[in-house]
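Take a look at the structure below.
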Amino acid sequence: MQQDTIQQASQLHELPVIDDMIIDDTSGVHARPLTPYQVLRMLPRDATPEQQDSAIQAWFQPGEIHYSSRPDTLHLPGHEPARDLKDVDLPQYYRQNFFSGDSLFHPEIVGGRLGVAGDPIPYTIRGDNMFTALLLLCMMVFVVSIAHSRYFIVRQLKDFFFIPRDDNQMTETSGEFRFQIFLVLLGCLLLSISSYLYVTTYVADTFVLDNDFQLIGMFFGGFVAYFTLKWLLYFVVNQVFFDGKKNLQFIKTALFITATEGVLLFPAVLLQVYFDLSIKNVTYYYVLLLLLTKFLTFYKSWVIFFRQNGVFLQTFLYFCALEIVPLLGFAGALLMVVDLLKINF
């Protein structure tokens with residue numbers, strides 16, 4: 001690293017020397033002192049900041065500052081000269097003026113917001129980063145699962161309307177079973193989001209909870225508990241009146257129907273969240289989807305349990321007791337919870 005070797009020019013026409021470079025001015029003798037701009041113009045273009053600073057120090061020497069001791073005469077004619085604000089004997093009213101209380105006169109005081117505050121942007125699920133990341137994650141896992149389980153889905157659809165024999169038993173791998181469980185959980189999440197949007201639109205928009213995620217989480221837990229208790233009720237009742245092979249076959253069929261319901265509900269929720277599909281249209285769509293799934297459940301219960309007996313009334317009573325009554329009970333409990341949580345003004 002080079003060391004600055006600037007020397008102050010003497011009165012005998014000696015020129016400054018900066019890093020072995022002699023700085024000369026083409027104008028010769030100056031009639032008036034140079035400005036810092038002119039001094040820097042004499043340096044090469046590739047001069048470093050250290051060299052520029054050395055050149056300024058070589059040409060200019062700081063002098064002693066002499067402040068004026070004359071009195072201030074800038075006052076109105078006929079009035080006494082202004083007094084110094086630093087005078088301790090100065091009255092308080094003399095120190096204050098019209099702008100003393102203005103926040104712009106005191107930069108250390110926060111003056112607040114300038115202008116008129118606008119209306120806040122309402123909360124939407126589409127603008128929530130957590131919900132967006134959750135739906136994107138569900139969609140990616142859903143697409144990957146569908147791609148790896150195409151054979152299982154095609155086989156289930158082919159065998160769904162086929163009337164099996166007594167010794168015909170559908171076999172599933174652990175991966176296919178986990179895939180269906182994931183679709184059921186995805187369906188519960190989509191149902192909880194749709195229920196939240198329906199409740200905030202038609203019932204109430206303020207609740208005693210801290211945030212909306214808690215309400216959606218309560219809906220999600222309610223739907224998971226509903227499907228779990230319904231399948232447990234099916235298992236217990238069928239274990240009493242039917243053999244274990246038919247019971248297991250019906251549980252697998254009900255699991256596939258519920259997983260299909262979650263798959264068919266996914267596009268409607270995406271359209272509702274990101275493309276402003278009306279709640280009314282989504283409600284109509286889900287009602288049709290619910291009727292379709294109940295009809296398929298009724299058909300499979302008749303095929304598996306009551307086809308050989310040739311009775312229809314028992315199938316209807318079985319379906320109402322294990323499918324319609326739990327659904328109505330869950331809907332009533334859900335409405336009671338929402339009514340307790342909402343804030344009445």
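The radius of gyration of the Cα set in the stretch 250-345, together with its Dmax, comes out at 17.0, 59 angstrom. What separates the Cα centres of the stretch 191-241 and the stretch 118-140 is a distance of 21 Å. Using θ = phi - 60° in the Karplus curve 6.51 cos²θ - 1.76 cosθ + 1.60, the 3J(HN,Hα) couplings for the stretch 288-304 round to 4, 5, 5, 5, 5, 5, 5, 5, 5, 5, 4, 5, 5, 5, 5, 5, 7 Hz; x is entered for Gly and Pro.
For the stretch 279-334, which whole-number percentage of the solvent-accessible area (1.4 Å probe, protein heavy atoms only) is attributable to carbon and sulfur atoms? The computed percentage sits at 77. Straight-line reach from Lys342: taking Cα to Cα under 27 Å and skipping same-chain neighbours fewer than 8 places apart, the lysines in range are Lys280.
Across every pair of non-identical alpha carbons in the stretch 123-265, the mean reciprocal distance, once inverted, gives a Kirkwood radius of 17.2 Å. Computed from backbone phi, the HN-Hα couplings of the stretch 248-263 come to 5, 5, 5, 4, 5, 5, 5, 5, 5, 5, 5, 5, 5, 4, x, 5 Hz, rounded to whole numbers (Karplus: 6.51 cos²θ - 1.76 cosθ + 1.60, θ = phi - 60°; Gly and Pro given as x). Couplings 3J(HN,Hα) for the stretch 192-197, derived from phi with the Karplus relation 6.51 cos²θ - 1.76 cosθ + 1.60 (θ = phi - 60°), are 5, 5, 5, 5, 4, 5 Hz, where x marks Gly and Pro. Between amide H atoms placed 1.01 Å from N, distances below 5 Å from Leu277 occur with Gln272, all of them 5 or more places distant or on a separate chain.
Residues in the stretch 230-319 average 52 Å² of solvent-accessible surface per residue, probe 1.4 Å, ligands and nucleic acids excluded.
The values are calculated or read from the model by the stated rules, or taken from the named source; none is laboratory data. Quantities reported herein were computed from a predicted structural model and do not represent experimental measurements. Please note that ligands, DNA and RNA were not included when accessible areas were found on the heavy atoms of the full protein model with its side chains. Shrake-Rupley method; radii C 1.70, N 1.55, O 1.52, S 1.80 Å.
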